């Protein structure tokens, strides 16, 4: 492989520099940043975690879990963003660089949520990694939403809609089957089962939230796809852009919005401080509920578990 761990480690030192803030164009689905990938190559020296299977590095848990479900034991998957961490403040390490170097395929969520991966690959120079951008499977993205991910004004949290994830699973299944031809039949069969399970989950959540009419305020603008799919009313967002605390004027406006709309809850997330959400709820007398858009921890260490856990939290808070 043309990227070396040493070069990637040096590149990491420059990720925070404003002179490197630009992002390359979407990698595509599939696409290669450099020379063709070598799917049939043996496991690289020093990479026992990947030995004997097709190596995939994914940026965030919901995407990594879907790769595991579609690929089964034909793939070994490493997740860059570890449980409990938010993608907006994530800074890759030399260890992450090694996982990228060792992978046969790198899978990203896209729409700017994991823009740090693009920077890392670009700064490292040519690579024979295959880079798959799962956002290419999203046919109806949510535009705007005051969500600054520097990727055309598109909200990136599409994985919180299982019906969209069924399309992502289809794309991943076709790609993995083409890259692992001796396991293609089982991957295709598994992909069909995963898609069916995702659509079943979608119906389950629709039934659970079908009578939910009350509005909510979210801490972070993570829930627009979820709200669109299940007919929920998001009436406001505390932090409009990652890392940008709201002004006192904005908090006053949110208080008025909650009271005027009859919203019942403020939804906070474990990857961020709940302080502002709790203060807003206390001021307005509404509930505070924790919902998790990333998952990967106990009780939501599976995409389906995570989505059911979140749906129950919304149902309880808004009923």
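Assuming 0.36 nm per residue, please report the length gained on full extension of the stretch residue 197 to residue 312 beyond their Cα-Cα distance. Could the numbers behind the result be given before it?
Working: separation 115, 0.36 × 115 = 41.40 nm, distance 1.83 nm.
Using 0.36 nm per residue and subtracting the Cα-Cα distance, I get 39.6 nm.
Going by how many other beta carbons lie within 10 Å of each one, how would you line up 81, 232, fewest first?
The order, fewest Cβ neighbours first, is 232, 81.
How many nm is it between the label spots at residue 283 and residue 184, if each spot is 7 Å from the Cα in line with the beta carbon?
6.0 nm
Ranked by Cβ crowding within 10 angstrom, fewest neighbours first, how are 190, 229, 179 ordered? Working shown, then result.
Working: 190 20, 229 17, 179 23.
Exposure proxy ranking, most exposed first: 229, 190, 179.
What ranking of 165, 306 emerges when the number of other C-beta atoms within 10 Å of each C-beta is taken as an exposure proxy, fewest first?
Numbers: 165 28, 306 24.
By the 10 Å Cβ count, ascending, the order reads 306, 165.
According to a simple spin-label model (label point 7 Å from Cα along Cα-to-Cβ), what is the distance in nm between residue 93 and residue 245?
2.8 nm
Suppose the chain between residue 228 and residue 319 were pulled fully straight at 0.36 nm per residue; how much longer would it get relative to their current alpha carbon spacing?
Working: separation 91, 0.36 × 91 = 32.76 nm, distance 1.76 nm.
Extra length from residue 228 to residue 319 when fully extended: 31.0 nm.
Please label the shape of segment 167-223 as rounded, prolate or oblate, based on the square roots a ≥ b ≥ c of the eigenvalues of the alpha-carbon gyration tensor (a/c under 1.5 means rounded; beyond that, a/b larger than b/c means prolate, else oblate).
Because a/c hits 1.5 or more and a/b fails to exceed b/c, segment 167-223 counts as oblate.
Report the extension gain between residue 302 and residue 256 in nm, rounded to one decimal, defined as 0.36 nm multiplied by the number of residues separating them, less their alpha carbon distance. Before the final figure, lay out the partial values.
Values: separation 46, 0.36 × 46 = 16.56 nm, distance 3.76 nm.
Separation in residues times 0.36 nm, less the Cα-Cα distance, equals 12.8 nm.
Coordinate-derived values only; no laboratory data. For clarity, every value in this text was computed on a predicted model and none was experimentally measured. Reconstructed Cβ throughout: ideal geometry from the backbone, glycine too, with neighbour counts over all protein chains shown.
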